[in-house]
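Student: Below you will find the structure I want to go over with you.
The values are calculated or read from the model by the stated rules, or taken from the named source; none is laboratory data. Treat the numbers as computed from the prediction; the structure is a model and nothing was measured. Positions of Cβ are generated from backbone atoms using ideal geometry, with glycine treated the same way; all protein chains shown enter the neighbour counts. Areas reflect the complete protein model, heavy atoms only, side chains present, ligands, DNA and RNA absent. Shrake-Rupley method; radii C 1.70, N 1.55, O 1.52, S 1.80 Å.
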Amino acid sequence: MIQPWFEGAKLGIFIHWGIYAVEGIPESWSFFNDQISYADYIKQCAGFTAAHYDPKEWAALFARTGAQYAVLTTKHHDGVALYDTAENDLSVVKRTPAGRDLIAPYCEALREKEIKVGLYFSHLDWSRPDYAPVPVGERTNKTLNSASFASWEGGKDNPAWQRFIAFQRAQLTEICTKFSPDLLWFDGDWTPPHEWWDFDETGDMLRRLLPDVVINSRLGSHGDYATPEQGQPIARPQGPWEFCVTMNDSWGYQGRDQNYKSVREIVRLFAEVVGMGGNLLLDIGPMADGTIPPEQAERLEAFGAWNQKHHEAIWGTDAGLPAGHCYGASTLSADRTTLYVFVFDRVVDGFAVKGIRNKVKRVSVVGGGGDDGGELSFRKRGGAEWMNVPGVLWIAVPDAVLDPLATVLKIELDGELDLWTGAGHAITAN
Ligand code: GLC
């Protein structure tokens with residue numbers, strides 16, 4: 001059973017922060033893919049200062065976006081922990097000038113702002129010789145060939161693998177007991193095969209430690225919600241879900257990557273995800289000193305200002321109309337009597353919404369202000385109302401009311417939404 005807070009949250013901020021920000025190279029994958037040697041990758045530890053890390057400022061910024069939760073990497077595939085693990089000394093505490101635990105102050109700052117605490121943890125660990133990333137013989141990659149990783153012989157009973165599982169569970173226990181996160185965001189469960197991980201046992205352990213924790217889907221079948229990533233869903237995923245996506249093309253900080261989504265794109269993405277009943281987990285990649293890059297901070301601020309103006313159309317709503325009723329995303333108020341429609345483009349002939357059987361009481365622009373409260377004129381055209389086949393609702397949306405990012409129309413109905421979704425038929429009584 002998913003925690004109700006998660007489904008109502010709508011927006012979370014994902015944070016990929018680690019030593020990879022020093023050179024601005026891909027998190028962990030850069031050595032896995034031989035872009036850099038493992039030794040040079042780890043040398044980045046020397047430049048990871050966290051000198052300007054101000055989690056209270058982060059939390060205040062997240063709060064301004066409207067985000068209800070955030071998820072920070074406690075340990076990515078590279079194995080470098082952002083907290084003081086007793087399991088090894090590969091942590092920013094012991095190996096970098098940052099020299100301290102970065103997770104506890106983050107949790108505290110979020111909680112002060114009533115933002116739920118999410119922690120990311122990579123099951124796999126490419127710094128741990130006991131971890132078996134690829135069966136011997138299939139290791140084509142230079143870095144991993146030269147590393148002394150455990151073999152796959154003996155399957156999951158291989159003593160090295162058993163040691164690895166014990167290590168992984170010990171670190172997870174630390175994370176649960178030190179920080180009591182509201183959400184655990186797992187990753188890196190793809191090798192070795194799922195049976196090796198005994199995720200049922202890990203899941204039981206986590207639920208014992210934190211009975212109310214929300215767990216993403218990357219823990220075998222023990223997760224609470226689906227995590228489509230980067231490719232925006234076309235069809236609505238089943239059950240609770242969250243779409244995680246980068247602002248540019250990188251999870252972590254990579255200064256050269258300026259391929260940023262515009263604020264308009266982010267707003268649109270968000271409206272489309274929420275309109276299909278999901279949450280958006282929008283990623284940022286802080287620099288090695290803890291600064292959120294200006295390109296990212298600016299986008300969060302502008303996105304937040306739009307969210308503030310359109311708050312009622314997002315928070316407290318459910319998924320809106322299924323595809324086919326209008327060219328845009330929509331949400332429905334909890335009492336199902338108000339539809340919010342997100343308009344992304346200039347409207348030339350009027351904005352059309354099909355299939356609404358209800359009487360429409362009023363249509364207005366959210367945040368429209370003015371003497372008329374942003375009221376818009378509308379009419380229904382066509383249909384055969386006497387046979388309960390509704391006409392098309394046409395709403396006049398003059399340029400003057402358009403929001404530069406996305407305009408939200410509020411359609412107030414005479415009762416709970418009564419939707420016609422038929423394929424049409426002959427009208428037998430005129
Ligand atoms: C992928 C990548 C990883 C990233 C994650 C975020 O699984 O391996 O680098 O952290 O996606 O969803």
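Student: Scan the range 149-161 and tell me whether some residue there is assigned to a loop (DSSP other than H, G, I, E, B), out of contact with any strand residue (DSSP E or B) (no Cβ under 7 Å at 6 or more places or on another chain) and modelled with pLDDT under 60.
Tutor: There is no residue in the range 149-161 that is assigned to a loop (DSSP other than H, G, I, E, B), out of contact with any strand residue (DSSP E or B) (no Cβ under 7 Å at 6 or more places or on another chain) and modelled with pLDDT under 60.
Student: I've got another one for you. Could you list all residues from the range 82-91 that are in contact with an Asp or Glu (Cβ under 8 Å, 6 or more places away or on another chain) and in contact (Cβ under 8 Å) with a residue 24 or more places away in the chain?
Tutor: 82, 83, 85, 86, 87
Student: Return only the number of the condition from (1) open to solvent by 10 Å² or more (accessible area, probe 1.4 Å); (2) in contact with a Cys (Cβ under 7 Å, 6 or more places away or on another chain); (3) within 16 Å of the ligand (Cβ to nearest atom) that residue 95 does not satisfy.
Tutor: (3)
Student: Within the group 415, 373, which residue is more than 24 Å from residue 276 (Cα to Cα) and in a loop (DSSP other than H, G, I, E, B)?
Tutor: So the residue among 415, 373 that is more than 24 Å from residue 276 (Cα to Cα) and in a loop (DSSP other than H, G, I, E, B) is 373.
Student: Taking the range 238-285 only, how many residues are assigned to a loop (DSSP other than H, G, I, E, B), open to solvent by less than 30 Å² (accessible area, probe 1.4 Å) and within 20 Å of residue 405 (Cα to Cα)?
Tutor: Of the residues in that region, 3 qualify.
Student: Something else about it: For the range 45-80, give me the residue count where each residue is away from the ligand (no atom under 16 Å from the Cβ) and touching a residue at least 40 places away in the same chain (Cβ under 8 Å).
Tutor: Selection size over the range 45-80: 23.
Student: Return the pair list, or none, for Cβ contacts closer than 8 Å from residues in the range 204-228 that are in the same structural domain as residue 178 (by TED's automatic domain parsing) to residues that are hydrophobic (A, V, I, L, M, F, W, C) and assigned to a loop (DSSP other than H, G, I, E, B), at least 6 apart or on different chains.
Tutor: Listed pairs, sorted by first residue: 206/213; 207/213; 214/2; 224/1; 224/2; 225/2.
Student: Anything in the range 176-203 that is surrounded by fewer than 16 Cβ atoms within 10 Å (Cβ to Cβ), more than 16 Å from the ligand (Cβ to nearest atom), in contact (Cβ under 8 Å) with a residue 24 or more places away in the chain and not acidic (Asp, Glu)? List them, or say none.
Tutor: 177, 180
Student: Moving to a separate point now. Residue 121 passes all but one of (1) at pLDDT 95 or above; (2) out of contact with any Ser or Thr (no Cβ under 6 Å at 6 or more places or on another chain); which number fails?
Tutor: Answer for residue 121: the failing condition is (2).
Student: Could you tell me how many of the residues in the range 410-427 are free of Cβ contacts under 8 Å to residues at least 60 places away in the same chain and among the polar types (S, T, N, Q)?
Tutor: 0
Student: I need the full set of residues from the range 69-100 which are in a strand (DSSP E or B) and under 17 Å from the mean Cα position of the chain (by Cα), in order please.
Tutor: 69, 70, 71, 72, 73, 74
Student: Is one or more of the residues making up the range 19-41 within 14 Å of residue 98 (Cβ to Cβ), away from the ligand (no atom under 12 Å from the Cβ) and touching an Asp or Glu at 6+ places or on another chain (Cβ under 6 Å)?
Tutor: Within the range 19-41, not a single residue is within 14 Å of residue 98 (Cβ to Cβ), away from the ligand (no atom under 12 Å from the Cβ) and touching an Asp or Glu at 6+ places or on another chain (Cβ under 6 Å).
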